[in-house]
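Throughout, read-outs are computed from the coordinates displayed, never taken from laboratory work. What you are looking at is a predicted structure, and each value in this text was computed from that prediction instead of being measured. Note that we place each Cβ from the backbone using ideal geometry, even for glycine, and neighbour counts take in every protein chain shown.
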Amino acid sequence: MPQHSTAGALVSSADGAWSVVVIDGRLGFSDGDSTIHVPVEGPLRWVREGEELSFDQVLAEIPTELHGWLALAAVIALRQCLGALVLAVALPPGQQDWCGLADRADPLCAWMNQLADLEGIEVPTPPADLDGGFGAIAAP
């Protein structure tokens, strides 16, 4: 029997304790009382109710059966951040803030190293109405 019901959940854990939800175009994980997600406003990080969580804390908290969704959430957030960097680099020469871009790139490398912990896990296909992270760079 589910412990909670989250409206609009994409999928829930077998015991109903956790659900995958969409928040600001990104995937989040709700336990009915709080939600763990990667906020759209930078920097790239996991948060719950405004408090930052480490990748390891999130892995420990979210049931293993939802780790594929966790990997998908992390990849979507990474793609969106990379898209912003690509757009900034594409500005006309001389308009880039290279120090600022370098500062933004360091956390992305760390994020990719953390994603390596989930390598080999089955990642679900994102729902058709969810931006897979390429919206900013694929828009016409």
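Sub-8 Å Cβ pairs linking a first residue in region 35-50 that is free of Cβ contacts under 8 Å to residues at least 12 places away in the same chain to a second residue that is in a loop (DSSP other than H, G, I, E, B) and not basic (Lys, Arg), at least 6 apart or interchain, are Val47/Val38; Val47/Pro39, ordered by first then second residue. Here is the figure for region 63-99: residues that are farther than 25 Å from Thr35 by Cβ and touching a residue at least 12 places away in the same chain (Cβ under 8 Å) total 5.
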